[in-house]
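Where a number appears in this text, it was derived from the coordinates with a stated rule and is not lab data. Here the structure is a predicted model, which is why all the values come from computation and not from measurement. Neighbour counts run over all protein chains shown; Cβ positions are idealised from the backbone, glycine included.
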Amino acid sequence: MPVTVFYDAATRTVLAELSGDIDHCSAKGMRGPIDDEIMKRLPLRLILDFENVSFMDSSGIGLIIGRYKLMNDLGGTLITVNPKPEIKKLMELGGVQRLCSIIYQKRRSLIGGIKI
Amino acid sequence: MKLKVLNQMVLRFPSLSENERFARLAVSGFISSLDPAVDELSEIKTAVSEAVTNCIVHAYRDTVGEIRMEVRLLEGCRLYISVKDKGCGIADVARAREPLFTTAPDEERAGLGFAIMESFSDKLRVTSRPEHGTTVTMLRTLRTRKPQNGSGS
């Protein structure tokens, strides 16, 4: 699965673990499961985990911007975590850091440990 | 001054979305003998992915057409990549190259394709004729770790 979605009720957080390549072809299939979970849970924050993303182009930036807009409409926040250095560079080129923080955190502490 | 061509390939494939992956893996395989650095390889793959995606999303918007990709390795570790389509063309290339400009916002296109190709290549050339197609050419010098025949002169 290119995306696995979790929900933590205590912190009202949706965590989406993305994996593999994010391009125009694969991004289409990633949006649905994430948005379905967001609309079902109406979370306070969405965490997009890029740890297992091996490649990304501007479609990934489109994916982040789209989820940012959705979370913003719901009054929530977005956090992106653990991108590889070259993917972080691309994110910064696309101005992602102006929409959300890009942080590095161990998997175990992802849901509870991140301060907004 | 004309640079000597050390190796080259030409690929023709239909503008199907799954070929975005194929195109960047093909380029990645083509330059693998140069042992490029991780960040360098990633940037080249990203630039190719943007060029091919543009053909699929914009040039052949409601149809499937042929994409022609040519890659040449020139002396001095210079990489030449050209991606050509015979699609709808771009009326205003300067405007299309502006960051954040997109004609497909509904599909979550960030409008960053050309900006990314530009920052990940040393030189980017875009030539286009409406109704005839677009050619994107990128030049990039690799900081290779292996000595190449004919390089450095």
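Every residue in the stretch B:4-41 that is among the hydrophobic types (A, V, I, L, M, F, W, C) and either assigned to a helix (DSSP H, G or I) or within 14 Å of chain A (Cβ to nearest Cβ) (or both), please.
B:Phe13, B:Leu16, B:Phe22, B:Ala23, B:Leu25, B:Ala26, B:Val27, B:Phe30, B:Leu34, B:Ala37, B:Val38, B:Leu41
Of all residues in the stretch B:23-74, how many are over 15 Å from B:Arg143 (Cβ atoms), free of Cβ contacts under 8 Å to residues at least 24 places away in the same chain and crowded, with 21+ Cβ neighbours inside 10 Å?
Qualifying residue count for the region: 1.
Just one of the numbered conditions (1) at the interface with chain A (Cβ under 10 Å from one of its Cβ atoms); (2) in contact with a Leu (Cβ under 6 Å, 6 or more places away or on another chain); (3) touching a residue at least 40 places away in the same chain (Cβ under 8 Å) is not true of B:Cys77; which one?
All conditions pass for B:Cys77, except number (1).
Looking only at the stretch A:52-67, decide whether some residue is farther than 26 Å from B:Thr46 by Cα and either of a type in the set (Ser, Thr, Tyr) or under 14 Å from the mean Cα position of the chain (by Cα) (or both).
no
Report, ordered by the first and then the second residue, all pairs with beta carbons closer than 6 Å, sequence separation of six or more or different chains, a first member in the stretch B:113-139 that is more than 14 Å from every other protein chain (Cβ to nearest Cβ), and a second member that is loosely packed, with under 13 Cβ neighbours inside 10 Å.
So the pair list comes out as B:Pro130/B:Ala91; B:Thr137/B:Arg125; B:Leu139/B:Asp122; B:Leu139/B:Lys123.
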